[in-house]
């Protein structure tokens, strides 16, 4: 179970100040959709976590046990840098109304950004691939559904400060893991 909880907490921390949460909050406030966006977020979170777990299952046997903490440290470092330096996109002038396009963007974001790195690395390090994937999917769902429900209020949060704190925390965690493993 530690794999589930660690992945859940790390994904929530990375996503709460991330790009995807702001993206879905803006879509909800602009389009007014709630139900379709929640279904889209559910599909993207499950598929993204599943894809990260599938990649982890292929990579885990290739990485010696002594290097697994290093994989986690590198992933957390990349996640922290991504949170710090990839600013949220500008508000679209005319957002898409295509649920397919929204799902694809969220899925690609889930796989290629901080949350995907975290799921992948913790699945490899703990060896509990399904639990790490479930924790990551649940963490993504909690944050993204919260952003959908908050809509305009999500944008009123101190997102810049949150990005700095979360990014620094992820980089600090990477440093601690690298030094003490």
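In a solvent-free Debye calculation with one equal scatterer on each Cα, what is log10 I(q)/I(0) for the stretch 3-69 at q = 0.12, 0.14, 0.16, 0.25 Å⁻¹, listed in the order of the q values?
-0.46, -0.59, -0.72, -1.20
Using the Kirkwood formula over every pair of different C-alpha atoms, what hydrodynamic radius in Å results for the stretch 86-181? Write out the running numbers ahead of the final one.
Working: mean 1/r = 0.0640 Å⁻¹.
It is 15.6 Å.
At a 10 Å Cβ-Cβ cut-off, how would you order 67, 85, 4, fewest neighbours first?
On the way: 67 14, 85 9, 4 20.
Ordered by Cβ neighbours within 10 Å, fewest first: 85, 67, 4.
Who wins for biggest fluctuation among 103, 87, 126 in a Gaussian network model of the chain, springs between alpha carbons below 10 Å?
Answer for the Gaussian network model of the chain: 87.
Which order results if 98, 57 are arranged by neighbouring Cβ count within 10 Å, fewest first? Spell out each step's value before the answer.
Details: 98 10, 57 14.
So the residues, fewest neighbours to most, are 98, 57.
Place the peptides 143-149, 156-162 in order of packing, highest mean first, counting for every residue the other Cβ atoms within 10 Å and averaging per peptide.
Result, highest mean first: 143-149, 156-162.
Using 0.36 nm per residue of separation minus the Cα-Cα distance, give me the extension gain between residue 30 and residue 160 in nm, one decimal. It would help to have the intermediate numbers written out before the result.
Values: separation 130, 0.36 × 130 = 46.80 nm, distance 2.15 nm.
Stretched fully, the residue 30-residue 160 segment lengthens by 44.6 nm.
Return an integer: the convex hull volume of the alpha-carbon atoms of the stretch 107-157, in Å³ per residue.
That works out to 79 Å³ per residue.
For the chain, what is the relative contact order in percent, using Cα pairs closer than 8 Å and at least 6 residues apart in sequence? Please report the intermediate quantities before stating the final value.
On the way: 274 pairs, mean separation 86.5, N = 181.
Relative contact order of the chain: 48 percent.
Kindly provide the helix-only [θ] at 222 nm of the chain, computed as the sum of -39,500 (n - 2.57) over DSSP H runs of four or more divided by all residues, to the nearest 500 deg cm²/dmol?
Numbers: 9 runs with 145 residues, N = 181.
That comes out to -26500 deg cm²/dmol.
Compute the whole-percent fraction of alpha carbon pairs in the chain spaced more than 21 Å apart.
Numbers: 7341 of 16290 pairs.
Cα-Cα pairs in the chain separated by more than 21 Å: 45 percent.
What distance in nm separates the two pseudo spin-label positions at residue 153 and residue 181, each 7 Å out from Cα along the beta-carbon direction?
Label-label distance for residue 153 and residue 181, simple model: 3.8 nm.
Values in this text are rule-based calculations from the coordinates and carry no lab data. The shown structure was predicted, so the numbers you read here are calculated from the model rather than taken from an experiment. Don't worry about glycine lacking a Cβ; one is built from the backbone with ideal geometry, like all the others, and counts go over all protein chains shown.
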